[in-house]
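The values are calculated or read from the model by the stated rules, or taken from the named source; none is laboratory data. These numbers come from a predicted model, not from an experiment. So basically every Cβ, Gly included, is an ideal-geometry build from the backbone, and we count neighbours across all protein chains shown. Ligands, DNA and RNA are excluded from the accessible area calculation, which covers all protein heavy atoms including side chains. Shrake-Rupley method; radii C 1.70, N 1.55, O 1.52, S 1.80 Å.
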Amino acid sequence: MAGTTLRGLAPGDHVCVLHAGPAGRSGVLEAFILPALDSGDKVLCYTARVAPAVVAESLEAADPARVRRCAAGSS
């Protein structure tokens, strides 16, 4: 998923991304959620079977420094 973009989306648009298994979830997190957080967007991540702590751990494992920068900029 590296390099995936969402051309043509406007502020306020919604996206549903499906994945299979932990590796797929990590790919979605890295391709969509981290860049959105980098740009200051608000992100809602709904999962049916994954605890929020697992999502946070996946983000942290993908790029710890980047997650700290995003967290430092949040209110």
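Annotations for the structure displayed:
- Per residue, the chain exposes 76 Å² of solvent-accessible protein surface, assessed with a 1.4 angstrom probe and all protein chains in place.
- Of all the options ALA48, ALA36, ALA65, the one that moves most in a Gaussian network model of the chain with Cα springs shorter than 10 angstrom is ALA48.
- Selection of trypsin sites (Lys or Arg not before Pro), region 42-75, meeting DSSP coil and at most 13 other Cβ within 10 Å: LYS42, ARG49
- For SER58, net neighbour charge (Lys/Arg +1, Asp/Glu -1) across residues whose Cβ lies under 12 Å away: -3
- Surface share of carbon and sulfur [accessible, 1.4 angstrom probe, percent] for the chain: 58 percent
- Of GLY40, GLY12, GLY27, the residue with the greatest mean-square motion in the GNM of the chain, using alpha carbon springs below 10 Å, is GLY12.
- Mean-square fluctuations from a GNM of the chain, with a 10 angstrom spring cutoff on Cα atoms, peak among PRO22, PRO64, PRO11 at PRO11.
- Contour minus Cα-Cα distance for LEU18 and ALA72 (0.36 nm per residue): 16.6 nm
- Only DSSP H runs of four or more residues enter the estimate; each adds -39500 (n - 2.57), and after division by the residues of the chain the mean residue ellipticity at 222 nm equals -12500 deg cm²/dmol.
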